[in-house]
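The values are calculated or read from the model by the stated rules, or taken from the named source; none is laboratory data. Please read these numbers as outputs of a predicted model, since none were measured by experiment. With ideal geometry, Cβ positions are generated from the backbone for all residues, glycine too; neighbour counts draw on all protein chains shown.
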Amino acid sequence: MAQGGVCGKLSGIVAVLAFLLALDAAGAVPISNRYRSPRNPERRIRSSTELIVLHTTEAPARSSLNKVSDRGECHFCVTEDGSVYRIVDRDREAFHAGRSMWNGKEDVDKFSIGIECVGHHDKRMGDIQLNSIRALVKELQAMYRIPDERVVCHSHVAYGAPNKWHKFKHRGRKRCGMLFAMPSVRRRLGLMSRPAFDPDTRAFRLRNADEYLRKVLYGSVDTMAAAYGGKPSVRPVVKAAGQVIPSRPAGSAGPSRPAVQQAARRPVTQPVQAARHPVTQPVKAVRSSPPPAAVRRPANVADLKAQGYQLRGQVSKSVSAARIAGAKWNAADTYYVMRGKVIPGTQIDAAHIENGVGIWMKK
């Protein structure tokens, strides 16, 4: 009798484990545990999940995977070949957002899932990688009932503390994941809406410190439109602070229908062809702003001079970058020459600008 009881308990445990494994296997996205973080067991279970935050690594796959795994800096990492790696279990906290705020709530790590995507914030990603990101995001949206406008990029939530350039808390600390706010990219990910405004700058909890970034996140700037083709159809969702507008009709039950089903019924639009008009012909309307620094990025001082840049000044203890370059200190067409390297303003870290660094700008 005792033996039968033990066998019964064991068979029950086996059945539960089999059920849990079946649930995990039912997911649409194959996920590798090769880079599962050693920090995983020490991370707390999240009390809620309100956002999915998309990041760009700004570095190659191998170094990015080693870094995020060692520090437990995201939940998943998607590489260029479409591989998806689990870093931290999705129900635990991953330290991916850093100094962050959304709708008055700080420390976004406590209520979000972070996905690192190998690539750069201002460069095109391949279709294979985008397909994997799309599948992963849709799966997580269904699990946590997260509407499209709550799938944001790191730039949406990161903010900076007061410093010598900005005397106030400010949005614009990072451009990480910026391309995932662009309508053409969101459409490829099956995301049919995006946040219409920054709830924290609107409520004066933060101030805007990067006007170009603001236009990408909430305006009409889409530097990927030509690469991915088609007129952007992502609609902004207008709502009061704290109010969530579901992406399903009022009164319907269950999670919203994945937008991927809607997108699948639409024909694929071919990339926009280059304009045939000569450069001298007047342009009547501009549909979207061209990407900054469209010419080849200067590699050295000689390139800067050849492209018409001039040395505006050098940073010192008494002269800051903002004092030399003004509001364009972190613009794409402002360049810093530091230790022989030419660094665009979009990639400069304000906290690590050394004395003697030269700032180059056009007239």
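Residue check, residue 233 against (1) within 20 Å of residue 103 (Cβ to Cβ); (2) at pLDDT below 90; (3) under 20 Å from the mean Cα position of the chain (by Cα), all met but one. Which one?
(1)
Can you tell me which of 82, 98 is assigned by TED's automatic domain parsing to the domain that holds residue 200, on the phi > 0 side of the Ramachandran plot and in contact (Cβ under 8 Å) with a residue 60 or more places away in the chain? Break it down stepwise before answering.
Numbers: 82 fails: in contact (Cβ under 8 Å) with a residue 60 or more places away in the chain.
None of the others qualify; the one that does is 98.
Kindly indicate which of 201, 223 is polar (S, T, N, Q), in contact with a helix residue (DSSP H, G or I) (Cβ under 9 Å, 6 or more places away or on another chain) and closer than 22 Å to residue 334 by Cα.
Numbers: 201 fails: closer than 22 Å to residue 334 by Cα.
That would be 223, the only listed residue that is polar (S, T, N, Q), in contact with a helix residue (DSSP H, G or I) (Cβ under 9 Å, 6 or more places away or on another chain) and closer than 22 Å to residue 334 by Cα.
From the list 47, 83, 37, 64, which residue is among the polar types (S, T, N, Q), modelled with pLDDT of 95 or more and out of contact with any Asp or Glu (no Cβ under 8 Å at 6 or more places or on another chain)? Let's see the steps before the verdict.
Details: 47 fails: modelled with pLDDT of 95 or more; 37 fails: out of contact with any Asp or Glu (no Cβ under 8 Å at 6 or more places or on another chain); 64 fails: out of contact with any Asp or Glu (no Cβ under 8 Å at 6 or more places or on another chain).
Going through 47, 83, 37, 64 in turn, the sole match is 83.
Do we have residue 342 as farther than 27 Å from residue 57 by Cα, modelled with pLDDT of 85 or more and aliphatic (A, V, I, L, M) here? Can you show your working first?
Details: farther than 27 Å from residue 57 by Cα: no; modelled with pLDDT of 85 or more: yes; aliphatic (A, V, I, L, M): yes.
When the stated conditions are applied, residue 342 does not pass them.
Looking at the range 46-106, what strands (runs of 3 or more DSSP E) fall wholly within it and have at least 3 residues that are closer than 24 Å to residue 196 by Cβ? Walk me through how you get there before you give the answer.
Values: elements: 51-56, 76-78, 84-86.
Result: 51-56.
Considering only the range 148-188, how many residues are among the hydrophobic types (A, V, I, L, M, F, W, C), under 14 Å from residue 134 (Cα atoms) and surrounded by fewer than 24 Cβ atoms within 10 Å (Cβ to Cβ)?
1
Which pairs have Cβ atoms under 6 Å, sit 6 or more apart or on different chains, and link a residue in the range 56-69 that is closer than 14 Å to residue 117 by Cβ to one that is assigned to a helix (DSSP H, G or I) and hydroxyl-bearing (Ser, Thr, Tyr)?
From the range 56-69, the pairs are 57/64.
Are any residues in the range 326-345 in contact with an Asp or Glu (Cβ under 7 Å, 6 or more places away or on another chain) and buried (at least 20 other Cβ atoms within 10 Å of the Cβ), and if so, which ones?
Residue satisfying the conditions is 330 alone.
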